[in-house]
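Visitor: I'd like to ask you about the structure that follows.
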Amino acid sequence: MSSTTNTSTQHTSTIGAIGTPSRRNTELALLAFAVVIPVFAYVNVGLALNDQVPAGLAAYGIGLGVMATIGHLVVRKFAPYADPLMLPLATLLNGLGLVAIWRLDQSERLQLSKTYVEASPRQLLYSAMGVALFIVVLIFLKDHRVLQRYTYISMAASLVLLMLPLVPGLGLDVFGAKIWISIAGFTIQPGEFAKIVIAVFFAGYLMVKRDALALASRRFMGLYLPRGRDLGPILVVWAMSILILVFETDLGTSLLFFGMFVIMLYVATERTSWIVFGLLMSAVGAVGVASFEIHVQQRVQAWLDPMGEWELSKTVLGHSAQSMEALWAFGSGGTLGTGLGQGNSDLIGFAANSDFILATFGEELGLAGVMAILLLYGLIVERGIRTALAARDPFGKLLAVGLSGAFGLQVFVVAGGVMGLIPLTGMTLPFVAYGGSSVIANWALIGILLRISDTARRPAPSPAPNPDAEMTQVVRP
Amino acid sequence: MNKPLRRIAIFCGLLVLALLIRDNWIQYVQADSLKTDSKNRRVAIERYGTPRGDIIVDGKAITGSAATKGTDYKYKRTWKNGEMWAPVTGYSSQIIGASQLESLEDGILTGNDDRLFFRNTLDMVTGKKKEGGSVVTTLNAAAQKAAFEGLGDKKGAVAAIDPQTGAILALASTPSYDPSTFAGISSKDSKTFQKLDKDSDKPMLNRALRETYPPGSTFKVVTAAAALENDAVTDIDAKTDSPDPYQLPDTKTNLTNEHGVCKNATIRYALEQSCNTVFAKLSNTVGNEKMREQSEKFGFNESELDIPVRAAESVYPEDNRPQNAMAGIGQASNRATPLQMAMVASAVANDGELMKPYMVDQLRASNLDVIESHDSEPLSQAVSPETAQKLQEMMETVVKTGTGTNAQIDGVTVGGKTGTAQHGVDNKEKPYAWFISYAKLSDGSSPVAVAVVVEDGSANRGDISGGGLAAPIAKSVMQAVINSKK
């Protein structure tokens, strides 16, 4: 523990050095690219589909530009030392997502479907709401440590959010997964918001309990085994994840929460044993639930044999052709893709513009485009962890790593599922996929990370004239 | 807390790396097999998404593409006079799939062929839409028309070849079908196909290429060739030692003749009057092995004759002596496609050299650049030029004064051979009328060899003869080719 204190002291001194550049101009320059690239993509789709520049180009370009500009100005005013990469990255992904959703809106095949709605105007509205929430977070959350006060309220709130889809009359069952609620015609995925709230709770809780969890343990076979009573919290979170899996049949959310908790626990305690426990418990939980939950079994089956599932879907109800269709979309894209607007990823049908949107990028932008997008996500995650490293307070560190870790896990779970690396789970690709809750919650997540990084990189205030200053001089070696 | 943070950073990096590796796996390593998976609907969308390239005859397209209202398949195949051309093109149906040339040259017709890759990439850069290339066939529209109209309501087939190159000039089969009627994807298209497929008259069978018939008396040309090549006969005008009736070897069965005075007839007279006894005995004299060898030189017993559509295998099997004697007059277990018998006539006309038959002359890109061009190549030297000369003399006598007078053309030397092939149990079924022939111009060159078979079910048994039913069709096909050369 003493060594940790030492290193953090050193970090404090380097990061707090006077004259840290704010990097706001870097952010502005990157933002210009983040707006121009999607605008070009938008023109590209229009030309490919209708041989003309899309009519909504001005509105789209200006809309995205205004959102980015306002976001930037707010950051410049309220979080001048924040990380310069995250806002441009989020803007770029959001912009590309809008283009892909608009492109799928133009698909004649999807227009024939009964569930078709024109998604891009809604998504533009959600994006605006997301940026608005991002701004609210930056303006009103002057210091992330304020959140620490709401540790237990957060716990209650997250439980309520997670349970909402199970409330009769409010929850929706969409193809077996019960993760949506319906209010006044809008469907909301409370899990997306719960992700942030629960990170606040974990961070606050672990900050207080970390010493107890880390130190009071017995050593056994090279591992520090925690005391029985300290196992309580991890067991509670584990049980909650299992309950989500069983009652909401949502593999993704369950995995996400448990993974996030294990990551934060490991960071808080520096005990590898927690990871071992975490992995064991998730394995037990997943296998246990899969043994009786048909929905999960089907997902695993479709993962192991997508072609068989595709064949079955032609004759038997309840089987999905989507896994195979997504693989075909990726394969047909090849290295460079067909070009925007020229693929047939709409063959995936339902959820082509949400859970499966990566397949559209895969087919139309090819291997090159998908790798670029995955790297953009990787950058966001690593910048988030960089923020955690730079943060000066344990709560900030834990919150930053929790949010970034959850973001990274979510990308892995959804992209891995669509590409057939792991069984498919119903989750949205942050910023890119169609879905209001996801976009709004992730903008808030970026807002919080920016706030933490601003606090971390902000130069220490010049010491107030202190009458006792001379008396407390420290002589350093 | 920073050490675990760094480890988490590495862990997250590994997650991204795993995704990148998986992405490379499906979009690079497996990309081609996923892309060309026949269940991947994109394959069919590609085929019908842009106007399909055309199949060309005499510089004119015999196919086309029509825009449809479908969302997936924007264009469907159309044919100009589909019934006449179906044996050449095959079909290309959104619901059934494709066959023959439409299937074999699909890469060129859709524009997806590897040889078009560079061009397509260039087009992609310049923003030009991908277009299918065209398949230029060797067919002769006038000859095809003459063949198809000559067959008319009768069941049968015609194959015509240019003896000097092997280029196929006509390939007709009746009754035929119009591939346009099931080119789409509607249930009506499906029903039409089912009905055609189950039709007892087999309209979808390409008789010229894919059906084998007993060749009947037309096979006597092959027997004569074997006899001359193996010195069983040296002078075509010398008397042979042939009894009438002829008792088949190892049996008590007597073989007789339909007409003519065949006892000890010369081989020229025997061919002219189609003497069964003479040729059965000659086949027996030459023997099964030599007969098979000679047949194989003409193209029999070849299971992979691709023109490029694969023709059915014409056979001359190993057999016992009586069967072999009967095979010498085309009435045993030897069978031939109309294409095969046209090849026999063409080899005789081309001084014994058999050219490999082919029907695709060129593959062209959409901008008319030639992607592939066919060079004619010899398949075998079927008989020596001297033997070919003698066979020509004999076949010309058949048309001049024998059973094939119906094929005479003014100012053109025509050589031919009629055939009336018995078949069915105890030969009770109505026989097939055959005629094979070639035309020779005054300069000695031979522009066309043709084989006609009419499996007529309507005429009286007595009326069915190669000379009566099949020869006029062969004549009009030859005439059409000669006229189009002028």
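Visitor: Which of A:Leu280, B:Leu171, A:Leu64 comes first, and how do the rest follow, when ranked by fewest Cβ neighbours within 10 Å?
Guide: Working: A:Leu280 10, B:Leu171 32, A:Leu64 26.
Least crowded to most crowded, the residues run A:Leu280, A:Leu64, B:Leu171.
Visitor: Can you list residues whose amide H is under 5 Å from A:Gly426's amide H, if they're 5+ apart or on another chain and H is modeled 1.01 Å from N?
Guide: Placed amide hydrogens put A:Leu251, A:Gly252 under 5 Å from A:Gly426.
Visitor: State whether region A:94-167 is rounded, prolate or oblate according to the following rule on the C-alpha gyration tensor (a ≥ b ≥ c being the square roots of its eigenvalues): a/c under 1.5 gives rounded; otherwise a/b larger than b/c gives prolate, and the remaining case gives oblate.
Guide: Oblate is the answer for region A:94-167, as a/c is 1.5 or above yet b/c matches or exceeds a/b.
Visitor: Could you tell me how far the Cα centroid of region A:354-433 sits from the Cα centroid of region B:364-389, in Å?
Guide: 61
Visitor: Only residues of region B:121-145 count here: report those whose backbone N is under 12 Å from the spot 7 Å along Cα→Cβ of B:Asn483, or say none.
Guide: Once the point is set 7 Å along Cα→Cβ of B:Asn483, B:142-145 turn out to lie under 12 Å by backbone N, inside region B:121-145.
Visitor: Using a 10 Å cut-off around each Cβ, can you sort B:Ser187, B:Ser384, B:Ser242 from fewest to most neighbouring Cβ atoms?
Guide: So the ranking, lowest neighbour count to highest, is B:Ser187, B:Ser384, B:Ser242.
Visitor: Report the local net charge at B:Ile55: Lys and Arg +1, Asp and Glu -1, summed over other residues whose C-beta lies under 9 Å from its C-beta.
Guide: It works out to a net charge of -3.
Visitor: Exactly which GluC sites (Glu not before Pro) in region B:178-264 are in a DSSP loop and have at most 13 other Cβ atoms within 10 Å?
Guide: Qualifying residues, ordered by number: B:Glu258.
Visitor: Now for a different question. In whole percent, what relative contact order does region B:87-153 give with Cα contacts below 8 Å and a gap of six or more residues?
Guide: 21 percent.
Visitor: Over 31 Å between Cα atoms: which of B:Lys60/B:Lys220; B:Lys145/B:Lys417; B:Lys220/B:Lys430; B:Lys239/B:Lys400 fall into that group?
Guide: Beyond 31 Å: B:Lys60/B:Lys220.
Visitor: If r is the Cβ-Cβ distance from B:Glu289 to B:Thr234 and R0 is 25 Å, what FRET efficiency results, to the nearest 0.05? It would help to have the intermediate numbers written out before the result.
Guide: Numbers: r = 20 Å, r/R0 = 0.82.
Once rounded, the FRET efficiency stands at 0.75.
Visitor: Across the residues of A:105-113, average count of Cβ atoms on other protein chains within 10 Å?
Guide: Neighbouring Cβ atoms belonging to other protein chains average 1 per residue here.
Visitor: Which residue, A:Ala351, A:Leu159, A:Asn442, has the largest displacement toward the positive end of the dipole of the protein assembly as shown when charges sit on each Cβ (Lys, Arg +1; Asp, Glu -1)?
Guide: Value: A:Leu159.
Visitor: Between A:Gln111 and A:Ala32, 0.36 nm times their residue separation minus their Cα-Cα distance comes to what? Before the final figure, lay out each step's value.
Guide: Numbers: separation 79, 0.36 × 79 = 28.44 nm, distance 3.36 nm.
That pair, A:Gln111 and A:Ala32, stretches by 25.1 nm at full extension.
Visitor: May I pose another question? Calculate the FRET efficiency for B:Glu318 and A:Leu336 from the Cβ-Cβ distance with a Förster distance of 51 Å, rounded to the nearest 0.05.
Guide: Details: r = 58 Å, r/R0 = 1.14.
Efficiency, from the Cβ-Cβ distance: 0.30.
Visitor: For a quick check: with amide H placed at 1.01 Å from N, whose amide H comes under 5 Å from B:Ser65's, ignoring anything fewer than 5 positions away on the same chain?
Guide: B:Thr78
Visitor: Compute the distance from the alpha-carbon center of region B:12-30 to that of region A:250-302, in whole Å.
Guide: If you average the Cα positions of each part, the centres end up 22 Å apart.
Visitor: Any idea how far apart A:Asn50 and A:Gln297 come out in nm if each label point goes 7 Å out from Cα toward Cβ?
Guide: Placing both labels 7 Å along Cα→Cβ, they lie 4.9 nm apart.
Visitor: Also: What are the ³J(HN,Hα) values, in whole Hz, obtained from phi via the Karplus relation 6.51 cos²θ - 1.76 cosθ + 1.60 with θ = phi - 60°, for each residue of region A:320-336 in sequence order, with x given for Gly and Pro?
Guide: Working through the residues one at a time gives 10, 8, 5, 4, 5, 4, 5, 4, 4, 4, 4, x, 5, x, x, 6, 10 Hz.
Visitor: Sum up the charges of everything whose Cβ sits under 13 Å from the Cβ of B:Asp189, counting Lys and Arg as +1 and Asp and Glu as -1, but leave B:Asp189 out.
Guide: +3
Visitor: A follow-up question, please. What range in chain A is the longest one free of chymotrypsin sites (Phe, Trp or Tyr not before Pro) that are in a loop by DSSP and have at most 14 other Cβ atoms within 10 angstrom? Working shown, then result.
Guide: Values: sites that count: A:Tyr116, A:Phe175, A:Phe292.
Longest site-free region, per DSSP loop and neighbour criteria: A:293-477.
Visitor: Please compute the contact order of region A:273-348 in relative form: average sequence separation of alpha-carbon pairs under 8 Å and at least six residues apart, divided by the residue count, as a percent.
Guide: Value for region A:273-348: 18 percent.
Visitor: Further question on the same structure: Once the Cα atoms of helix B:2-24 and of chain B are each reduced to a long axis, what angle between those two axes, in degrees from 0 to 90 to the nearest 10, is obtained?
Guide: The angle comes out near 20 degrees.
Visitor: Give me a comma-separated list of calculated 3J(HN,Hα) values for region A:362-373, in order, Karplus coefficients 6.51, -1.76, 1.60 applied at θ = phi - 60°, integers in Hz, x for any Gly or Pro.
Guide: With the stated coefficients, region A:362-373 comes to x, 6, 8, 10, x, 4, 4, x, 5, 5, 4, 5 Hz.
Visitor: In which sequence would B:Met124, B:Met359 go, from the one with the fewest C-beta neighbours within 10 Å to the one with the most?
Guide: Exposure proxy ranking, most exposed first: B:Met124, B:Met359.
Visitor: Calculated FRET efficiency, A:Glu118 and B:Glu302, Cβ-Cβ r, R0 51 Å, to nearest 0.05?
Guide: Efficiency at R0 = 51 Å is approximately 0.25.
Visitor: With labels modelled as points extended 7 Å from the Cα through the Cβ direction, what inter-label distance (nm, one decimal) is found for B:Arg41 paired with A:Leu231?
Guide: It is 5.2 nm.
Visitor: Going by a ≥ b ≥ c, the root eigenvalues of the Cα gyration tensor, does chain A fall in the rounded group (a/c under 1.5), the prolate group (a/b larger than b/c) or the oblate group?
Guide: oblate
Visitor: Using a cut-off of 13 Å between beta-carbons, work out the net charge of the residues near A:Val137 (Lys and Arg +1, Asp and Glu -1, A:Val137 not included).
Guide: After counting each charged neighbour, the total is 0.
Visitor: Classify region A:244-400 from the C-alpha gyration tensor, please: rounded if a/c falls under 1.5, else prolate or oblate depending on whether a/b exceeds b/c.
Guide: It is oblate, given that a/c is not under 1.5 and a/b is not larger than b/c.
Visitor: Among the aspartates and glutamates, select those whose C-alpha is under 14 Å from the C-alpha of B:Lys195, and discard any that sit fewer than 8 residues away in the same chain.
Guide: B:Asp178
Visitor: Oh, and also: With a cut-off of 8 Å between alpha carbons and a minimum separation of six or more residues, what is the relative contact order of chain A in percent?
Guide: 23
Visitor: Amide H of B:Leu379 versus every other amide H placed in the peptide plane: which residues, excluding those fewer than 5 positions away on the same chain, fall under 5 Å?
Guide: Close amide H contacts, sequence-distant or interchain: B:Leu354, B:Met355, B:Lys356.
Visitor: Per residue of A:405-414, how many C-beta atoms from partner chains lie within 10 Å of its own C-beta, taken as a mean?
Guide: Going residue by residue through A:405-414 and averaging, the value is 3.
Visitor: Starting from the Cα of A:Thr187, step 7 Å toward the Cβ, then list every residue of region A:343-382 with an amide N under 12 Å from that point.
Guide: A:350-355
Visitor: In peptide B:193-203, how many Cβ atoms from other protein chains are near each Cβ within 10 Å, on average?
Guide: If you average over the peptide's residues, the count of other-chain Cβ atoms is 0.
Visitor: Given the convex hull of the Cα atoms of the protein assembly as shown, what is a quarter of its surface area in nm²?
Guide: Value for the protein assembly as shown: 53.2 nm².
Visitor: Helix A:232-247 versus the longest principal axis of chain A: what angle, 0 to 90°, nearest 10, using Cα atoms?
Guide: 10
No lab work stands behind these numbers, since they all come straight from the coordinates. Source: prediction; values computed, not measured. Note that each Cβ is placed from the backbone with ideal geometry, even for glycine, and that neighbours are counted across all protein chains shown.
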